[in-house]
Number of protein chains: 2
Amino acid sequence: MKISDLQTPALILDRGKVVNNTKMMTARLKGHGVLMRPHMKTAKSIDVARLALEGNFGGVTVSTLKEADYFLRHGYADIVYAVCFEPGKLGVAADLIERGADLKIIVDSADVARAIAADGSPFKVLIEIDCGEHRTGITPDHPALLDIAAALADRGKGQLAGVLTHSGHSYQCRSVDEIRSVARAERAAITLAADRLRSAGYDCEIVSVGSTPTAIFGDNFDGVTEVRPGVFVFYDIFQAGLGVCSVGDVAVSVLASVISHQQEHNRILVDAGGLALSKDRSTAALEKDLGFGLVCDRDTGQPIDGLTVGSVYQEHGQITLPNVSDFNRFPIGSQVRILPNHSCMTAAAYDGYQVVEGTEVIDQWKRCNGW
Amino acid sequence: MKISDLQTPALILDRGKVVNNTKMMTARLKGHGVLMRPHMKTAKSIDVARLALEGNFGGVTVSTLKEADYFLRHGYADIVYAVCFEPGKLGVAADLIERGADLKIIVDSADVARAIAADGSPFKVLIEIDCGEHRTGITPDHPALLDIAAALADRGKGQLAGVLTHSGHSYQCRSVDEIRSVARAERAAITLAADRLRSAGYDCEIVSVGSTPTAIFGDNFDGVTEVRPGVFVFYDIFQAGLGVCSVGDVAVSVLASVISHQQEHNRILVDAGGLALSKDRSTAALEKDLGFGLVCDRDTGQPIDGLTVGSVYQEHGQITLPNVSDFNRFPIGSQVRILPNHSCMTAAAYDGYQVVEGTEVIDQWKRCNGW
């Protein structure tokens, strides 16, 4: 089957690009002597995980316990669930552990640590450190670090598995120098937290950092045991705008058909709207705002004159053309591919991927969506 | 089961509110002597459709051919697919008709009309009219109106089923008077198009308009045969901000758990982020910007001091508290419900609904997502 045979909208995955992206990241982190535990929140696919894990130790990061269950069922047991844990999820997590998951959960509160310690299941816990993003976690010099460790140790089983941080604020950087600076701060924060724990007599086996930009531009991972990049498997036009990848590295795109010509308004409409592309507007923060996605040729995947999807409705995407004669290039029924702002958000609207090599559809890969 | 027993995030549907919302709209349109063909793009659920169709003629509107297939399989054959049709979908649509669908498709191009006429399947076609939204459709005075009719008539079978318009620009209104004015323009446009077709000797059985705001505030539907409101089944806080409903009418909400306290930043974090809430920011255009959703009490569903989700990450939502003492009201592991900006977008992230009456979970209803 060819791409041109697909019904639209459809989520296209260029397998060759995933292979390149994952090989590059694997080689980069190996070069720094640090393990990679890819974050599967982007792809949510066992097939993509297999590519990302090639040459790596087999540990994955997940964003939901449903993903943890999915990867466990597919034979990947070494799992970090990298969203702050709350006691309402103890039962589900305990069940995963009982079924063989080597699950690590994360906390940033002594109260939660006490609830976990009291539960009785053999949980492994990472303490989440805030290295500057100010989303979740505690600062590495915070007194709560040792309170959490003590709460876990109270139980008498070595539950404390280490420390973890996420430098999500690297997405706010506007230069490689800024990203390098965030990477240094990320490492400084996590190694300080690890040192404090060890000085207080606790084990700290896992020292985990990660974001795709800092994984790409970080130049020193001393004291770090593992890195958790996520979006690198696919990249997107936001990452390209950050300078983390090139537009040519973006592995996912949305296939869409032209459904209307609005000549009076110099616009064409496609059948990919807010649901098919997502309403993510991350490139609005960059120098070059790419609307809801960058319009590319269906077969070559190359951008077409910088055209973007300027606005979306639930099932409609609006593309403004530079001039009226361009309508002939986009007859109704013709197809384009649209590169997303944020591949994690866009891919989540689809059950799975239409996997392509060139213009051939070679496979369908499923996703594990929802909660 | 109680709401408090659910794993989070979860999509909560208050059945009683759906019943009220659909009864109110049914009564309103009956009062105007016009049929209701509810747009199922919001709920994508046969169970919600049954409530919305109670006391109505049974016709539905859909936004994807997958929805058309779903409603046909559940016994609802009278279907308008209200997104401009393109020839790449002829095969799928023809298959639906062969299986018994009384499917109506919409076009705004004579080229597409010719492709449909040439296909040979007994398609019924509505011509899409632009009544001021400038998304798709042709203006009612456009010469193409008769070209499209002629292209369809050429085939020798009475394929032209009528005209259809969508006053989506009612969402840009900022007063009831403005919405009434859009409703008048919507009716004027569609009846002009119908009159032109009839004057030229064509049948024009269906004269279809619709948006929730104009369905609520329109005061004259003379010459209109059917109205296609969609979001009214659930409403959302954007519609409440428009004045189309009250916050108390909003039937869907996202159940979330508190996962972190960030006392230094006066923020709590919940486990509902950009995927669970959607990245829709429609209330940003209103007087009162409600961020990514309005925070409510889990059991009563009442808003809590105007708290909103100020920012989102993939699985994290950030809520700023007015003052530090509020942290005690939201212990980690406690739950809140979040009313969405745009229920069509938020609901699409879930396989289905946790249907509640008060604090009891009484059922699970499935959704038909994707394409």
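Data table
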| read-out | value |
| --- | --- |
| Neighbour-limited loop hits for trypsin sites (Lys or Arg not before Pro), the stretch A:154-223 (at most 16 other Cβ within 10 Å; DSSP other than H, G, I, E, B) | A:157, A:174 |
| Computed accessible area, residue B:171, all protein chains, 1.4 angstrom probe, square angstrom | 50 Å² |
| Closest-to-axis residue of chain A (Cβ criterion, axis taking A to B), whole Å | A:279, 2 |
| Chain B, dipole about Cα centre (Lys/Arg Cβ +1, Asp/Glu Cβ -1), debye to the nearest 20 | 300 debye |
| Residue-level accessible surface for residue B:74, protein heavy atoms, 1.4 Å, Å² | 70 Å² |
| Sites residue B:289 and residue B:147 - FRET efficiency at Förster radius 41 Å, r taken between beta-carbons, to 0.05 | 0.40 |
| Position residue A:7, label points 7 Å along Cα→Cβ, spacing to each other copy in nm (shortest first, one decimal) | 3.0 |
| Per-bin percent of Cα-Cα distances, chain A [20 Å] | 29, 52, 17, 1 |
| Helix B:15-31 vs. chain B, principal-axis angle (Cα, 0 to 90°, nearest 10) | 30 degrees |
| Peptide B:313-325, shielding by other chains (average Cβ, 10 Å cutoff) | 3 |
| Loss of accessible area when A meets B, both sides summed, Å² nearest 100, probe 1.4 Å | 4400 Å² |
| Filtered GluC sites (Glu not before Pro), the stretch A:271-371: DSSP coil and at most 10 other beta carbons within 10 Å | A:287 |
| Probe 1.4 Å - accessible area at residue A:288, Å² to nearest ten | 140 Å² |
| Hull shadow area, averaged, the stretch A:231-362 [alpha-carbon convex hull, nm²] | 7.7 nm² |
| Alpha-carbon Rg with Dmax, taken over the protein assembly as shown, Å | 26.6, 91 |
| Principal-axis tilt of helix B:144-153 within chain B, Cα atoms, nearest 10 degrees | 70 degrees |
| Shielding score for A:267-278, defined as the mean number of other chain Cβ atoms within 10 Å | 4 |
| Using a 7 Å Cα-to-Cβ projection, residue B:66 label spacings across copies, nm, ascending | 1.4 |
| Accessible heavy-atom area order of A:40, B:24, highest first, probe of 1.4 Å | B:24, A:40 |
| Computed label-point distance, nm, for sites residue B:119 and residue B:220 using a 7 Å Cα→Cβ extension | 3.7 nm |
| Relative contact order %, chain A, counting alpha carbon pairs below 8 Å whose residues are six or more apart | 20 percent |
| Rounded FRET efficiency, nearest 0.05, which uses the C-beta distance separating residue B:99 from residue A:5 and R0 of 25 Å | 0.70 |
| Calculated FRET efficiency for the pair residue A:263/residue B:199, C-beta based, R₀ 25 Å, to 0.05 | 0.50 |
| Accessible area (Å², per residue) of chain B, counting only protein heavy atoms and a probe of 1.4 Å | 34 Å² |
| With Cα atoms, 0 to 90° folded angle of helix B:110-119 axis to chain B main axis | 80 degrees |
| Inverse mean reciprocal Cα-Cα distance (Kirkwood Rh) of the stretch B:115-225, Å | 14.3 Å |
| Diffusion constant of the stretch A:172-249 at 10 °C, which comes from Stokes-Einstein with the Kirkwood Cα-pair radius and 1.306 mPa s, µm²/s | 118 µm²/s |
| Loop-located GluC sites (Glu not before Pro) in the stretch B:52-136, at most 13 other Cβ atoms within 10 Å (DSSP) | B:54 |
| Calculated from backbone phi, Karplus (6.51, -1.76, 1.60) coupling profile of the stretch B:182-198 in Hz, x at Gly/Pro | 5, 4, 5, 5, 4, 5, 4, 5, 6, 6, 4, 4, 4, 4, 4, 5, 5 |
| Accessible surface ranking that places the most exposed of A:371, A:365 first, with a 1.4 angstrom probe | A:371, A:365 |
| Amide H contacts under 5 Å for residue B:304, placed H, 5+ residues apart | B:295, B:296, B:297 |
| Copy-to-copy label separations for residue A:174, where each label sits 7 Å from Cα toward Cβ, in nm and ascending | 2.9 |
| Per-residue [θ]222 nm for the protein assembly as shown (sum of -39500 (n - 2.57) over DSSP H runs n ≥ 4, rounded to 500) | -8500 deg cm²/dmol |
| Volume in Å³ per residue [convex hull over Cα atoms, computed for the stretch A:1-62] | 91 Å³ |
| Length added when fully stretched, residue B:92-residue B:324, from 0.36 nm per residue minus Cα-Cα | 77.8 nm |
| Fraction of beta bridges assigned by DSSP in the protein assembly as shown that are antiparallel (%, nearest 5) | 50 percent |
| Chain B, accessible surface, carbon-and-sulfur percent (1.4 angstrom probe) | 48 percent |
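The values are calculated or read from the model by the stated rules, or taken from the named source; none is laboratory data. All values derive from a computational prediction rather than experimental measurement. Every residue, glycine as well, gets a Cβ built from its backbone with ideal geometry; the counts of neighbours run over all protein chains shown. Calculation scope for accessible area: heavy atoms of the full protein, side chains included, ligands and nucleic acids excluded. Shrake-Rupley method; radii C 1.70, N 1.55, O 1.52, S 1.80 Å.
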